[in-house]
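Down below is the structure, laid out as structure tokens.
The values are calculated or read from the model by the stated rules, or taken from the named source; none is laboratory data. Owing to the predicted nature of the structure, the values given are computational and were not obtained by experimental measurement. For neighbour counting, all protein chains shown are included, and Cβ atoms are generated from backbone atoms with ideal geometry for every residue, glycine included.
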Amino acid sequence: MPQSIINNGEHKMEKAIEALEKEFALIRTSRANPTVLNGVLVPYYGAPTPLNQIAQISVPEPQILMIKPFDKSVLKEVEKAIQLADLNLVPQNDGVVIRIVFPALTEAKRKDLVKEVKAKTEHGKVAVRNVRREVMDHLKKLEKDSVISEDELKRHNDEVQKITDKYTDKMDALAKDKEKAIMEI
């Protein structure tokens, strides 16, 4: 019983890591990255459709994204959807493909992005700590109901703390990698 509670908590911590990775994918660096377009929805035959389902997105050069719709008739809609997505990107339509040039980041913008990474990391760590608190509360209730002994409670709490430390360390490593990518010229 206590092990299933701990495993469930660890699963929730893993979800927090995945959420942080998705957040980091949306923070742009000076290199072109197709994941910045993941949230772009294009009206396609009356239904909002993710851009990556109606177009091929490639990176021909480190600072350029190239978007080639499978159906050329939606080229204007794709361009408009990118502009409306508020990504601070300027699509260039040549009638066949759309190119997006990622300008080099200024030093001030890089520092702002690093601050954003740190804030998102701290938010992720808070989520992990909340899971830890939730798991420990469940374990304390089991001890109070005499399902587990006080010694078992201490041992399980130590295990939960080790798992929590592992996931916060993973978040720190992800943040460090993202900061390095942002500060890279």
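Only helices (runs of 4 or more DSSP H) wholly contained in region 1-104 count here; list those with 1 or more residues that are among the hydroxyl-bearing types (Ser, Thr, Tyr) and surrounded by fewer than 18 Cβ atoms within 10 Å (Cβ to Cβ).
Correct list: 2-26.
What is the residue count in region 164-185 for residues that are closer than 14 Å to Glu14 by Cβ and free of Cβ contacts under 8 Å to residues at least 60 places away in the same chain?
Of the residues in that region, 3 qualify.
Which one is surrounded by the fewest Cβ atoms within 10 Å (Cβ to Cβ) among residues in region 124-163 that are outside any helix (DSSP H, G or I) and touching a residue at least 40 places away in the same chain (Cβ under 8 Å)?
Checking each candidate, the answer is Val147.
Going residue by residue through region 131-154, is there one that turns out to be modelled with pLDDT of 90 or more, in contact with a Ser or Thr (Cβ under 9 Å, 6 or more places away or on another chain) and over 30 Å from Gln3 (Cβ atoms)?
No, the conditions are met nowhere in region 131-154.
Within region 155-177, can one find any residue that is among the polar types (S, T, N, Q), out of contact with any His (no Cβ under 9 Å at 6 or more places or on another chain) and at positive phi?
Scanning region 155-177 turns up no residue that is among the polar types (S, T, N, Q), out of contact with any His (no Cβ under 9 Å at 6 or more places or on another chain) and at positive phi.
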